[in-house]
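These notes concern the structure reproduced below.
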2 protein chains.
Amino acid sequence: MKPLPLGSKIGILGDGQLGRMLSQAASRLGFKVVVYGPDAESPAASVSAVSKVARYTDETALDRFAAASDVITFEFENVPVASLDYLVSKGAKVTPNARALGITQDRILEKRFARSVGINTVDFYEINSLDDLGKAIAANGLPALLKTRREGYDGKGQVWIRAAEEAKVAFDSLNGRPAILEAKADFLREVSVIAARGYDGTVKTYPVGENHHVSGILSTTLAPAVVSDTLKIRAETIAKKVLEGLDYVGVLGVELFVLEGDELILNEIAPRVHNTGHWTQDGCLCDQFEQHIRAVAGWPLGDTTARFQVEMTNLLGPDVLAWEALSQEPDSRLYVYGKDDPRPGRKMGHINRLKAML
Amino acid sequence: MKPLPLGSKIGILGDGQLGRMLSQAASRLGFKVVVYGPDAESPAASVSAVSKVARYTDETALDRFAAASDVITFEFENVPVASLDYLVSKGAKVTPNARALGITQDRILEKRFARSVGINTVDFYEINSLDDLGKAIAANGLPALLKTRREGYDGKGQVWIRAAEEAKVAFDSLNGRPAILEAKADFLREVSVIAARGYDGTVKTYPVGENHHVSGILSTTLAPAVVSDTLKIRAETIAKKVLEGLDYVGVLGVELFVLEGDELILNEIAPRVHNTGHWTQDGCLCDQFEQHIRAVAGWPLGDTTARFQVEMTNLLGPDVLAWEALSQEPDSRLYVYGKDDPRPGRKMGHINRLKAML
């Protein structure tokens with residue numbers, strides 16, 4: 001693809017904080033941004049040239065969005081695949097592609113894909129009935145993790161089963177949604193890698209970050225993490241396999257579990273810029289948001305070298321109310337997403353703290 | 001003043017690239033931005049939550065702007081002082097103050113103010129008639145620089161007089177506008193200092209930058225410049241005198257001429273964020289735009305330490321058309337302002353090139 005010229009219009013499906021930071025990066029490169037999402041006063045709409053307020057399935061609104069955008073991307077992985085297909089059918093250029101979105105929306109398709117390209121995962125079982133669950137528990141043993149196949153995030157839609165008696169309650173909590181039972185991973189650390197691929201197949205990978213979750217929600221990322229060269233190369237190889245296997249153009253995040261001997265298994269693929277990549281805003285000259293915009297616009301990918309080691313801490317719910325103290329911390333930068341209601345667990349902002357010059 | 005809480009509305013008079021970068025910084029801190037300016041698709045409006053499209057003298061629009069903003073600032077020094085006075089009369093909180101704007105809009109008032117607070121300037125003469133000009137030339141000698149008192153920028157509205165015969169043509173070129181004749185400064189270098197002051201009187205100064213102009217327009221700034229400690233202290237002292245003398249809250253830029261022996265004389269005060277401060281976006285953790293927003297919002301001022309030495313180069317007119325090559329330069333970041341017409345001399349963007357880690 002020829003690089004999109006200055007002034008071209010980048011359409012973004014989704015209007016949250018990821019869209020906000022993508023929009024700001026796109027503006028900095030001289031693009032105009034059209035945000036599509038359900039809320040008029042969303043984090044992304046309030047920093048963008050144009051905003052389309054509509055449901056993701058509104059075909060009339062999607063028609064207008066397609067007409068207003070030179071390329072369309074997304075910041076939200078639960079955009080319906082049918083909406084992407086519809087946009088493509090109307091002649092829109094959409095990236096990442098619908099297949100990549102469809103695979104990563106479904107935990108079973110995602111793990112099957114991973115294995116098909118030679119990436120290890122935990123053992124897993126497709127669960128469509130209580131009977132399936134019983135057989136899976138018998139085969140796998142306990143504890144094991146029961147999750148909905150789709151739409152879970154931040155620890156929602158998942159429950160640990162530690163004893164056979166808990167199976168029925170766990171299964172009922174799914175309310176009939178298709179599910180997956182995952183074996184427990186005996187991991188020592190959780191790391192992630194943010195990587196980008198251009199239309200020409202160029203791949204660039206950011207240094208590995210180490211993540212800490214609290215109650216299933218990302219709390220901090222330290223990057224570049226202190227890891228062995230072996231781990232680094234393995235993580236980069238996995239990211240490359242994912243990008244190439246999905247014929248992906250743009251930035252994605254790959255969450256990995258680190259086992260004994262620095263063996264890596266895939267936890268999850270996020271088909272978008274990712275919370276564990278926010279450290280790049282202050283660690284690198286080209287952050288993940290600019291990188292994604294470069295990729296989808298057909299610009300050459302930017303430098304992923306880390307200049308600083310950064311600890312990113314999410315400001316969840318009322319954490320953000322400490323903005324006065326946070327804004328006075330030395331060696332740090334504060335990012336607030338412009339959301340009104342700091343309800344518990346809601347991602348309201350983050351702070352990047354510089355730990356070391358590299 | 002109590003710090004404005006997250007979600008407060010920052011009004012910005014002026015809709016150019018400085019407003020754009022101020023708006024992005026304000027959003028990052030969690031403020032909502034209301035831009036006021038003459039153009040609907042301006043650099044600032046396209047990245048801001050709300051935009052008011054009106055002339056600066058439209059009282060009905062100013063009323064609405066005042067009602068929509070918790071604090072109002074400006075990015076354009078030719079906003080009429082009467083408009084600020086009007087906003088204040090309607091109960092708006094406006095900073096920097098109207099007196100500071102009025103003084104810095106007028107080259108004679110500005111130089112008188114500078115001298116009143118102990119800052120050196122070139123010799124200057126008020127010119128209201130050809131007769132004034134003749135007397136001034138006789139007193140000062142030639143060459144000398146004839147400028148309009150108001151509204152010149154980027155070398156517009158000024159002409160060198162090198163011989164007495166040129167006086168009449170030069171005077172006529174003013175079209176009757178009040179003017180100033182300035183003695184030639186035998187300067188070795190041009191430097192500038194960007195500084196901020198809070199409501200509580202706290203002052204923070206960024207490292208001195210060295211500037212190069214081409215045809216009267218800023219071409220590059222290198223900062224921190226290689227300067228003596230004496231020069232550094234003198235520049236900081238001047239910035240502090242200006243900020244305090246104007247009872248200024250916000251960021252301003254002070255352009256200085258460096259004479260033999262690191263003596264400094266004031267060239268110009270810009271009552272706003274300044275082109276020679278764009279290097280701070282990549283040199284410092286808190287750039288001049290965030291700093292200005294912090295100051296006007298009553299937040300504690302941010303860190304002005306330089307982490308990198310940066311060379312900022314303006315992309316004037318067609319320079320920006322080289323974006324493909326510019327976007328591939330290592331150790332650099334590109335900023336494009338979203339303007340459509342790259343006419344010669346127009347500020348279309350800039351690039352910050354990292355020169356050294358500090």
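The values are calculated or read from the model by the stated rules, or taken from the named source; none is laboratory data. As the structure is a computational prediction, the values presented were derived from the model and not from experiment. Cβ coordinates were reconstructed from backbone atoms using ideal geometry, including for glycine residues, and neighbour counts include every protein chain displayed.
For the reader, a short list of remarks on this structure follows.
- Being free of Cβ contacts under 8 Å to residues at least 24 places away in the same chain, more than 9 Å from chain A (Cβ to nearest Cβ), surrounded by fewer than 17 Cβ atoms within 10 Å (Cβ to Cβ) and acidic (Asp, Glu) is a property that does not hold for B:Asp247.
- Residue, farthest from the other protein chains (Cβ to nearest Cβ), within region B:255-285, restricted to residues that are part of a loop (DSSP other than H, G, I, E, B) and farther than 23 Å from B:Glu77 by Cβ: B:Leu259
Table: residues versus (1) at pLDDT 95 or above; (2) assigned to a loop (DSSP other than H, G, I, E, B); (3) in the same structural domain as B:Ser219 (by TED's automatic domain parsing).
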{"residue": "B:Asp132", "(1), (2), (3)": "yes, no, no"}
{"residue": "B:Lys135", "(1), (2), (3)": "yes, no, no"}
{"residue": "B:Ala138", "(1), (2), (3)": "yes, no, no"}
{"residue": "B:Leu142", "(1), (2), (3)": "yes, yes, no"}
{"residue": "B:Leu146", "(1), (2), (3)": "yes, no, no"}
{"residue": "B:Gly155", "(1), (2), (3)": "no, yes, no"}
{"residue": "B:Val159", "(1), (2), (3)": "no, no, no"}
{"residue": "B:Glu166", "(1), (2), (3)": "yes, no, no"}
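- Residue in region B:64-86 that is within 13 Å of chain A (Cβ to nearest Cβ), within 21 Å of B:Tyr337 (Cα to Cα) and touching a residue at least 12 places away in the same chain (Cβ under 8 Å) present: no
- Residues in region B:51-69 that are surrounded by 18 or more Cβ atoms within 10 Å (Cβ to Cβ) and not small (Gly, Ala, Ser): 4 in all.
- Residues (facing chain A (nearest Cβ under 10 Å) and either surrounded by 24 or more Cβ atoms within 10 Å (Cβ to Cβ) or of a type in the set (Ser, Thr, Tyr) (or both)) located in region B:1-23: B:Arg20, B:Met21, B:Ser23
- Condition check for A:Pro43: closer than 29 Å to A:Arg346 by Cβ and more than 12 Å from chain B (Cβ to nearest Cβ): no
- Complete set of residues in region A:286-313 that are assigned to a loop (DSSP other than H, G, I, E, B) and among the hydrophobic types (A, V, I, L, M, F, W, C): A:Cys286, A:Ala297, A:Trp299, A:Leu301, A:Ala306
- Residue among A:Gly317, A:Gly349, A:Gly345 that is over 22 Å from A:Pro224 (Cα atoms) and under 18 Å from the mean Cα position of the chain (by Cα): A:Gly345
- Residues (within 19 Å of A:Ala26 (Cα to Cα), in contact (Cβ under 8 Å) with a residue 12 or more places away in the chain and not in a loop (DSSP other than H, G, I, E, B)) located in region B:325-358: B:Leu326, B:Ser332, B:Arg333, B:Leu334, B:Tyr335, B:Val336, B:Lys347, B:Met348, B:Gly349, B:His350, B:Ile351, B:Asn352
- Verdict on B:Arg150 being basic (Lys, Arg), within 21 Å of the chain's Cα centre (by Cα) and either under 24 Å from B:Ser219 (Cα atoms) or not assigned by TED's automatic domain parsing to the domain that holds B:His274 (or both): yes
- Some residue of region B:130-145 being surrounded by fewer than 21 Cβ atoms within 10 Å (Cβ to Cβ) and within 23 Å of the chain's Cα centre (by Cα): yes
- Test: residue in region A:287-306 that is buried (at least 21 other Cβ atoms within 10 Å of the Cβ), without any contact (Cβ under 8 Å) to a residue 60 or more places away in the chain and not assigned by TED's automatic domain parsing to the domain that holds A:Arg28: no
- Filter pass, A:Thr237 being touching a residue at least 12 places away in the same chain (Cβ under 8 Å) and in the same structural domain as A:Arg307 (by TED's automatic domain parsing): no
- Residue count for region B:325-358 satisfying the condition of being surrounded by fewer than 21 Cβ atoms within 10 Å (Cβ to Cβ), more than 7 Å from every other protein chain (Cβ to nearest Cβ) and within 18 Å of B:Ala44 (Cβ to Cβ): 2.
- In region A:27-40, the residues that are facing chain B (nearest Cβ under 10 Å) and either touching a residue at least 40 places away in the same chain (Cβ under 8 Å) or surrounded by fewer than 17 Cβ atoms within 10 Å (Cβ to Cβ) (or both): A:Arg28, A:Leu29, A:Phe31
- Qualifying position, being more than 25 Å from A:Asp247 (Cβ to Cβ), touching an Asp or Glu at 6+ places or on another chain (Cβ under 7 Å), of a type in the set (S, T, N, Q) and at pLDDT 95 or above, among A:Ser23, A:Ser42, A:Ser48: A:Ser42
- Residue match in region A:314-324 (condition: in a loop (DSSP other than H, G, I, E, B), touching a residue at least 60 places away in the same chain (Cβ under 8 Å) and more than 11 Å from chain B (Cβ to nearest Cβ)): no
- Restricting attention to region A:99-114, the residues that are crowded, with 22+ Cβ neighbours inside 10 Å and either among the polar types (S, T, N, Q) or at pLDDT below 95 (or both) add up to 1.
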